[in-house]
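Before any comments, here is the structure.
The values are calculated or read from the model by the stated rules, or taken from the named source; none is laboratory data. The structure presented is a predicted model; accordingly, all values stated were derived computationally and were not measured. Every residue, glycine among them, receives a Cβ derived from its backbone with ideal geometry; neighbour counts consider all protein chains shown.
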Amino acid sequence: MAAKRLSSDNIDNDIDHRKDKRMRAKPSFASVIGEVMMARSAQCVINSIEPLLRRVVNEEVERGIQRNMRTMTKSPSLRIQAPEPAYLKLVFLNKTLPSTIFTCNKILDINGESLKLVLVEKIGDRITPEILRQPLKVEIVVINGDFPSPDCNTWTVHEFSKNITKERSGRRPLITKDVNFTIRGESCVTLGEIEFTDNSSWIRSRKFKLGARVISETPNGVRILEALTEAFVVKDQRGELYKKHYPPALEDEVWRLEKIGKDGKFHKRLDQAGIKTVQDLLKQSVVDPNKLKKILVGGKAGMSDRMWETVLKHAKTCNIGNKLYIYHESNYEYTIMLDATCNIVSITNFDGQIYSPAHFTTDRVKQNETMEELVKNAYENWNSLEVVEGQGNESLQQFQGKYNVAELNNLQQNITAYDQTVVGGLGQVDGGDSMINNNNIHLAYGIWDASPQLLL
């Protein structure tokens, strides 16, 4: 019986073994191909999203570092212990541009030089040029003038891209010509022709900045911080025809001065009074400042006192040159020498003595009125005055040949620069300056008292 049971058990084991062999049957060819294709598809997906994942991770790590650095800067002890991270950055070597740039003009720095861009490594306050192992393609873009905030020195790629200003609908690209270039070798490049095609008045900040960003792949996917210039205003090219001059020239029309618009009411008032150039205005401010002020400030819709002072202040920055104008009094008792704006440089009496304005005093009103009259007569006969150059002694000798060298040198030393003289004229007016000298000197007519009307 035992033998029979054993035989029955063996039979059961054989049946189970055959079932297991059927279950472990070899896979079909189709199933093998399917598994291979699924594996390849998964690898392709991983390869395609890997750069995106790297970029997201880099930005998140960078944002985390910035947050930690801002937290650490609140504590002096942490600031000392925590080393600042090193990073690569594009930098404009001459990032200060003129405060106003006009469309269709090459963008230059404040010194009139082409912009230069360099790649550097920044560690704390230490900046060193970075030698490139491979060329980098760079793009110049326009950035909102408010970016970044004053307390922010770094930013993410997303923050930078979000502040790029594009052209208005239906307009040409905001900047044109050489906006793309390549940096090689020593990492420094001079920018070529770049021009704006539109003004900046239509954005909230009313200002632009130029930015430079890398658009090619970087070694090992390293983040390179973008470069930024200072903010500036962009105006249409036609505005350049009406811009003010700093400093103005004597021959400039008066509307080149601040607060006087071309063909505006103040320009027309001055033109009607025969005041067409900056020199005309300066001469009038010396000879009869009250009349000039009445033209601009008087009447309806006249200038405010502040505007009047601004006009005079701007006019006084003018370079008056070296020309001197000689007027002989009708009786030849006095000969006066004036600068280009009708200020007295020197007076010569009939004895041939030369005096500078600093020597004059006016105890007697009669003599003071006589000098006023001389200057006014010179002003009225301006086109007939004798003109000499005030720089060299030769011109002065031509006028005062009988005087010795010491006297001529003394005259030269007493010629006062215009920005140190008083644009208050022969009669004082609000906004004018004055100088008082208490010295007395005897002239042919007697003692003259110090007066701002003579110390022009």
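Taking the range 219-251 as the search range and keeping residues that are among the hydroxyl-bearing types (Ser, Thr, Tyr) and out of contact with any Leu (no Cβ under 7 Å at 6 or more places or on another chain), which one is nearest to residue 164 (Cα to Cα)?
Start the filter on the range 219-251 by keeping residues that are among the hydroxyl-bearing types (Ser, Thr, Tyr), which leaves 229, 242, 246.
If we keep only those that are out of contact with any Leu (no Cβ under 7 Å at 6 or more places or on another chain) as well, we get 242, 246.
On the way: 242: 30, 246: 33 Å.
The qualifying residue nearest to residue 164 (Cα to Cα) is 242.
In the range 374-388, the residues that are under 16 Å from residue 333 (Cβ atoms) and not assigned by TED's automatic domain parsing to the domain that holds residue 343 never reach a residue that is of a type outside the set (Phe, Trp, Tyr) and modelled with pLDDT under 90 with C-beta atoms less than 9 angstrom apart, at least six apart or across chains. For the range 11-52, a tally of residues being surrounded by 10 or more Cβ atoms within 10 Å (Cβ to Cβ), under 26 Å from residue 155 (Cα atoms) and either touching a Ser or Thr at 6+ places or on another chain (Cβ under 6 Å) or modelled with pLDDT under 75 (or both) returns 1.
When residue 237 is tested against (1) of a type in the set (S, T, N, Q); (2) over 24 Å from the mean Cα position of the chain (by Cα); (3) within 29 Å of residue 108 (Cα to Cα), only condition (2) is not met.
Can you name every residue in the range 279-310 that is at pLDDT 90 or above and either among the basic types (Lys, Arg) or touching a Pro at 6+ places or on another chain (Cβ under 8 Å) (or both)? Residues satisfying the conditions are 283, 291, 293, 294, 306.
Can you name every residue in the range 169-179 that is surrounded by 12 or more Cβ atoms within 10 Å (Cβ to Cβ) and either on the phi < 0 side of the Ramachandran plot or touching a residue at least 40 places away in the same chain (Cβ under 8 Å) (or both)? Before the answer, list the steps.
Looking only at the range 169-179, we keep the residues that are surrounded by 12 or more Cβ atoms within 10 Å (Cβ to Cβ), and these are 173-179.
If the condition is that a residue be surrounded by 12 or more Cβ atoms within 10 Å (Cβ to Cβ) and either on the phi < 0 side of the Ramachandran plot or touching a residue at least 40 places away in the same chain (Cβ under 8 Å) (or both), then 173, 174, 175, 176, 178, 179 are the ones that fit.
One residue stands out in the range 326-361 among those that are aliphatic (A, V, I, L, M) and at pLDDT below 80: the one that is surrounded by the fewest Cβ atoms within 10 Å (Cβ to Cβ), namely 358. Residues that are closer than 21 Å to residue 238 by Cβ and of a type in the set (Gly, Ala, Ser) within the range 175-205 comprise 200, 201, listed in sequence order.
Taking the range 327-349 as the range and being under 47 Å from the mean Cα position of the chain (by Cα) and either assigned to a loop (DSSP other than H, G, I, E, B) or outside the structural domain of residue 389 (by TED's automatic domain parsing) (or both) as the test, the residues that pass are 339, 340, 341, 342, 343. Looking only at the range 133-153, residues that are surrounded by 18 or more Cβ atoms within 10 Å (Cβ to Cβ) and touching a Leu at 6+ places or on another chain (Cβ under 9 Å) come to 7 in all.
Can you pull out every residue in the range 298-312 that is of a type outside the set (Ser, Thr, Tyr) and either within 20 Å of residue 274 (Cα to Cα) or in contact (Cβ under 8 Å) with a residue 40 or more places away in the chain (or both)?
Filtering the range 298-312 for residues of a type outside the set (Ser, Thr, Tyr) gives 298-303, 305-309, 311-312.
Correct list: 298, 299, 302, 303, 305, 307, 308, 309, 311, 312.
When residues in the range 289-321 are screened for being surrounded by fewer than 21 Cβ atoms within 10 Å (Cβ to Cβ), more than 23 Å from residue 246 (Cβ to Cβ) and of a type in the set (D, E, K, R), 3 of them pass.
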